[in-house]
1. Quick one: is Gly213 surrounded by fewer than 23 Cβ atoms within 10 Å (Cβ to Cβ), part of a loop (DSSP other than H, G, I, E, B) and not β-branched (Val, Ile, Thr)?
2. Mind checking which residues of segment 598-618 are assigned to a strand (DSSP E or B) and either at pLDDT below 95 or open to solvent by 10 Å² or more (accessible area, probe 1.4 Å) (or both)?
3. Among (1) touching a His at 6+ places or on another chain (Cβ under 9 Å); (2) in contact (Cβ under 8 Å) with a residue 24 or more places away in the chain, there is one condition Glu222 misses while meeting the rest; what is its number?
4. Filter segment 22-81 down to residues that are assigned to a loop (DSSP other than H, G, I, E, B) and in contact with a Phe, Trp or Tyr (Cβ under 7 Å, 6 or more places away or on another chain), then give me how many there are.
5. Taking segment 351-384 as the search range and keeping residues that are in contact (Cβ under 8 Å) with a residue 40 or more places away in the chain and surrounded by fewer than 21 Cβ atoms within 10 Å (Cβ to Cβ), which one is nearest to the chain's Cα centre (by Cα)?
6. I need a count of the residues in segment 422-438 that are open to solvent by 40 Å² or more (accessible area, probe 1.4 Å) and closer than 16 Å to Arg398 by Cβ.
7. Please go through segment 509-531 and give me each residue that is in contact (Cβ under 8 Å) with a residue 40 or more places away in the chain and either more than 17 Å from Gly544 (Cα to Cα) or open to solvent by 10 Å² or more (accessible area, probe 1.4 Å) (or both), ordered by number.
8. Would you point out the residue of segment 439-475, among those that are part of a strand (DSSP E or B) and polar (S, T, N, Q), that is least open to solvent (accessible area, probe 1.4 Å)?
Amino acid sequence: MRTLIRSSFIIFLLLSSAVFAQRQSFRFAWLSDTHVGSQTGAADLSSSVRDINGMNDIAFVILSGDITEIGSDAQQETAKSILDSLKKPYYIIPGNHDTKWSQSGCTEFLALWGSDKFTFTYGGYRFIGIHQGPIMKMGDGHFSPEDLRWLDSTLAAFPKKTQPLFFITHYPLDPGIDNWYTVVERLKQCNTQVVLVGHGHTNEVMNFEGLPGVMGRSNLRERETAGAFTIVDVNSEMMFFTERTPKAGWKNPWHSVGIGQRDFSRDTRRYSRPDSVVNKTYPGTQTRWSVDTRFTIASTPAVWKDCVISGNSSGMVNCYSARDGSLKWRFKTAGTVYSTPDVSDGRVVIGSSDRNIYCLDANRGTPLWRIQTGAPVVAAATIRDGLVYIGGSDGVFRALDLKTGKVKWEFKNVGGFVETKPLVYKEMVIFGAWDTYLYALSVKDGSLLWKWSNGNTGVLYSPAACWPVAANGKVFVVAPDRFMTAIDARTGKTIWRSKQHQVRECVGISEDGKRIYVRCMTDTVVAFSSSASSPAEVWTTNCGYGYDIDPSMPIERGGVVYFGTKNGLIFALDAHSGAIRWEHRIGVTITSTPVLLENRRVIVSDLDGKISLLGEKH
């Protein structure tokens, strides 16, 4: 096969002048998974840029995501400075590493590069690139509703439907993206020549329901002595994929894809799609109402009386009636809103990537006060006893007066951004940050009582996304290191740690404080005793949800534990036995932590921008 590809490549070079007369031949460089901020990311990218600059026949450069290691502002600025030294134009999209751990609420990428998607025409071919996040969440990739609208308008603007198309995204176009089929079906209506993806860090031939696909290797050197990237040579009949290592030169082409008019309508195979069959299994639970905000929701709503309040990627804070889902009011901020609000005494507090913390009248949406911070705010708020506790991306954790917004105290030594919902427990406020630490501060003056680390130096293992819980003098957390940990609430010392169950970022507590709930990474929910001095299981339930790392916290009310999954399923378990009461699908994507109302009603939002009320028949 490699000999055939090499022979075809030689023929391509010999006949390129004749092919050019039919359609312009050209060459572009394709880089993926540069991971600037990792050990060799910046050096490897700089080496590739210098190499590309020495090649006079490169028309442009494409980067297909995971530009940085953790999406920090500093890492993105470093990547931008390196890429801006390219002598040829480049087109760039983010990957999941750029969008999940984004201290700016994914706004820094836009500020630096102007857009997180691209479209352009070269040599008679149209190139389109969009990313699939997920935005501020762990879980499968997801094409946002706003990006799908952009894709529709871009495709509709094609001067000719027969124009050949190159489509670029980060994840492969398969069920690793929860709504992969929405883009596959759109692309099969076009003359799509190839789909270029990254994420897997290796060269691989792929096929996406009949769409030719190619995965490109990471630019990182990893176990090699130098990084490498892909050169794509295009003529009117073929495209060739060749790996190039700076200074070491060319390898033989490792793959080729024919170019021509595609007619995907001839493909009559039936491909698998998500369904809601499970809802027929539990007909006693129904969606009472559902509203579509049309923008990404990456946070949990707050409820005050008849008000369901939630922010989204448009910068809007919306309030809907808990009774029927009708819109009651809306308030516009100047940035994305991925902060989970809290509400008390008719006042709702929420952060925005416009660097402000807002307090709004929960009944009317009118602003009551606003505090400007030094960076975007993606953190959740907690209100207790007239004080608002909220972290930020500026290294400051604040306690604010709920009525006036005045700062009671500030703790200015947080080493990473905060997204979690703080826990108030025994005169302490406890929260994790993306700096490897869990902090405990005095609620009186914000002084540091203790900070705890799981021992991992990598910030991606921080106990920063779970909402910590506490009972019987212990604080319980789970983290991406797969450990569940019980910490002495007074001293911050580890009481026990367990990796027996593969956990990640989902932990909850029973109403009476006797049980700690964890949702494991595959299928299983486990209840532990909160009073035991070592891990003691109360019950274990195999829910069959598959591999799942969506941080939807298990929440109990009225003897029932509720939690969501990465693929739109909401589960209800008996709190005392773990028996499954019901499961219900509200969509296909990542769901938020449920908000529980009286009469076993559940409010839940998802990454697709939908807010739903579920209820049991009586």
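1. no
2. If the condition is that a residue be assigned to a strand (DSSP E or B) and either at pLDDT below 95 or open to solvent by 10 Å² or more (accessible area, probe 1.4 Å) (or both), then Arg601, Lys610, Glu616 are the ones that fit.
3. (2)
4. Of the residues in that region, 2 qualify.
5. Per the criteria, the residue is Ala375.
6. Adding up the residues that qualify gives 1.
7. Ile509, Ser510, Glu511, Gly513, Lys514, Arg515, Ile516, Phe528, Ser530, Ser531
8. Here the residue is Ser442.
The values are calculated or read from the model by the stated rules, or taken from the named source; none is laboratory data. As the structure is a prediction and not an experimental result, all values here were calculated from the model. Heads up, the Cβs are rebuilt from the backbone with ideal geometry, glycines too, and the neighbour counts pull from every protein chain shown. These area figures cover heavy atoms from the full protein model, side chains too; ligands, DNA and RNA do not enter into them. Shrake-Rupley method; radii C 1.70, N 1.55, O 1.52, S 1.80 Å.
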